[in-house]
1. Which entries of K120/K261; K108/K172; K120/K267; K172/K267; K46/K120; K108/K267 show an alpha-carbon separation above 27 angstrom in the structure shown?
2. Need one value: the accessible area of K172 in square angstrom, 1.4 angstrom probe, rounded to the nearest 10.
3. Leaving ligands, DNA and RNA out of it, work out the accessible area of W195 with a 1.4 Å probe and give it in Å² to the nearest 10.
4. For the range 114-243, what is the convex hull (Cα atoms) projected area averaged across all directions, in square nanometres?
5. Decide, for the range 185-244, between rounded, prolate and oblate: order the square roots of the alpha carbon gyration tensor eigenvalues as a ≥ b ≥ c, take rounded if a/c falls under 1.5, and otherwise choose prolate if a/b is larger than b/c, else oblate.
6. Roughly speaking, what is the stretch gain from Q213 to E176, that is 0.36 nm per residue apart minus the C-alpha to C-alpha distance, in nm to one decimal?
7. So how far apart, in nm, are the two label points at N104 and R125 if each is 7 Å from Cα heading toward Cβ?
8. Rank these by accessible area, largest first, 1.4 Å probe: D77, D67.
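The values are calculated or read from the model by the stated rules, or taken from the named source; none is laboratory data. Source: prediction; values computed, not measured. All Cβ positions, even for glycine, are placed from backbone atoms using ideal geometry, and neighbour counts span all protein chains on display. These area figures cover heavy atoms from the full protein model, side chains too; ligands, DNA and RNA do not enter into them. Shrake-Rupley method; radii C 1.70, N 1.55, O 1.52, S 1.80 Å.
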Amino acid sequence: MHAKKDSLPSNILASIRNRKKRLDAAHSEKKARSDGTLIASYNVHKCVGNDRRFDPERTSRVIHEIDADVIALQEADTRFGERTGILDLGRLERETGLIPVPVNGMAKAHGWHGNVVLFKRGLVRDVHQINLPGLEPRGALVAELDLEHGGALRIIAAHFGLLRHSRAQQAKMLVELMADKREVPTILLGDLNEWRLGDRSSLHTFQSAFGPQPLAVPSFPARLPVLALDRIMANRKGVVTAVEAHDTPLARIASDHLPVKAVVNLKRVEELAAKA
């Protein structure tokens, strides 16, 4: 008698089984959020959904759903030419309180190489626009924020390339960027386009600055996520809670990526700032 074989690959079956766990975990978020700040990362895919419709309004509704205090967006501008922004940031500010971290030299774009950081409460202390190495034009936006409830926090929002060699170069550059200020609580978030594990992964480079990598959270493709392309990591233990995917019916159709999110422990940030 032959054993029955699964008709789907094991990683897809695991994603299906874990989806309920991810949805159940979302119910615990409200309690955790009362003690911290919700951060998120979302590749909006130029507001083109899985149905191939260009729909910025739908993308904005997903951002509403997430209700983050700080959110990094990728692919929020057109990719070529003048890199025109494709979201109504004015309306987002009126309806959610989210305002963009300012960037220089981009008249029509929302962000830097499509990277946008939006935040609700706090002050921007400094902003750096980083050109990342590699064959494709990629960038990172580094924002130094003073949170409303106390504590300084550095946000690095990045979108890595599709080529493994480029990702390795990009990760190395960000680690070198942090070398002089590792005492500052730092959160790296964005679409890092990396699904490999171990020494062959570009994420291995981050261990020197961020320590052991947190558990991978599948976020791509949005309809049935099996690859953990989108990441949130902190350079200090205890600064962020476990990362979760924002898995809702609207998020599954609005982009090819699901958003990912976590809660920043503000008390921990304050403790680290006091020791710096």
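1. Over 27 Å apart, Cα to Cα: K108/K172; K172/K267; K108/K267.
2. Counting only protein heavy atoms, K172 exposes about 120 Å² to solvent.
3. 120 Å²
4. For the range 114-243, the mean projected area of the Cα convex hull comes to 8.2 nm².
5. Verdict is oblate for the range 185-244.
6. Full extension from Q213 to E176 adds 11.5 nm.
7. So the two model labels end up 1.9 nm from each other.
8. D67, D77
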